[in-house]
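Here's the structure, in structure tokens; my notes come after.
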Amino acid sequence: MPALLLILTGLPYSGKTTLGRALEERGAAVVELDHINRERGFRIEDGVPMAEWPETIRQAETRITQHLTDGFEVVVLSWVNPTNHDRQRWQSFAAAQGIDHQVVYVAADDVLLASRRTIPAPDRHKLSDAVIQRVHRRFQPPTEAITVQANWPLQQQLDTVRAGWSSSAQPGGQVD
């Protein structure tokens, strides 16, 4: 059975990291581009220079491939993935590797995003207004995706993601 790459997308503070971690607790491997950028010494709060993204993406590809080599059936890629082009790039990577893929959109309205931005959390970075505005301007909601609402209970989000997997891509109970 082919492996599955779940490509999480959504605006900052929509809940991608929370959903990714919940999937990780259920057996998936997670690759977070923000985490890679922090490891590389960049302050996410101020944005990452465009010239640095190719290396971050290369490292993400390497980690995805390693997780698959290590036997994970589901790998979650968590990043804003702001444009259709960005998401298509990961879909093409998955197809070239023989990996099934599915885009998962964590949708949230501006009121919810603004309220979450003010909630302190030990692992949450506080993005500058300029970064938030730049991401909002660039973000294109996906037209074909499993869509979960950010205000849904986490279990409902997980159930919706699982229900959206095609039966051929659903890993034999590894992530439940």
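The values are calculated or read from the model by the stated rules, or taken from the named source; none is laboratory data. It should be emphasised that the depicted structure is a prediction, and the values quoted were computed from it without experimental measurement. Ideal geometry is used to build each Cβ from the backbone, glycine not excepted, and the neighbour counts take in all protein chains shown. With ligands, DNA and RNA removed, areas are computed over all heavy atoms of the protein, side chains included. Shrake-Rupley method; radii C 1.70, N 1.55, O 1.52, S 1.80 Å.
Here is the figure for the stretch 126-135: residues that are open to solvent by 70 Å² or more (accessible area, probe 1.4 Å) and closer than 17 Å to T9 by Cβ total 1.
The condition (being loosely packed, with under 15 Cβ neighbours inside 10 Å and at pLDDT 85 or above) is satisfied by just one residue among D123, D109: D109.
For the condition closer than 25 Å to R116 by Cα and acidic (D, E), E73 does not qualify. Here A60 qualifies as among the aliphatic types (A, V, I, L, M), part of a helix (DSSP H, G or I) and surrounded by 11 or more Cβ atoms within 10 Å (Cβ to Cβ). Residues in the stretch 38-57 that are of a type in the set (G, A, S) and touching a residue at least 12 places away in the same chain (Cβ under 8 Å): G47 alone. Looking only at the stretch 1-46, residues that are buried (at least 21 other Cβ atoms within 10 Å of the Cβ) and on the phi > 0 side of the Ramachandran plot come to 3 in all.
Evaluating L77 against the criteria (1) of a type outside the set (K, R); (2) closer than 23 Å to Q133 by Cβ; (3) open to solvent by less than 30 Å² (accessible area, probe 1.4 Å) leaves one unmet condition, (2). Applying the condition of being assigned to a loop (DSSP other than H, G, I, E, B) and within 21 Å of N81 (Cβ to Cβ) to the stretch 147-176 and asking which residue is modelled with the lowest pLDDT yields V175.
Among the residues making up the stretch 106-146, those that are among the β-branched types (V, I, T) and either assigned to a helix (DSSP H, G or I) or under 30 Å from W165 (Cα atoms) (or both) are V106, V111, V131, I132, V135, T143, I146.
Here T83 clears all of (1) more than 16 Å from E39 (Cβ to Cβ); (2) open to solvent by 30 Å² or more (accessible area, probe 1.4 Å); (3) hydroxyl-bearing (S, T, Y) except the condition numbered (2).
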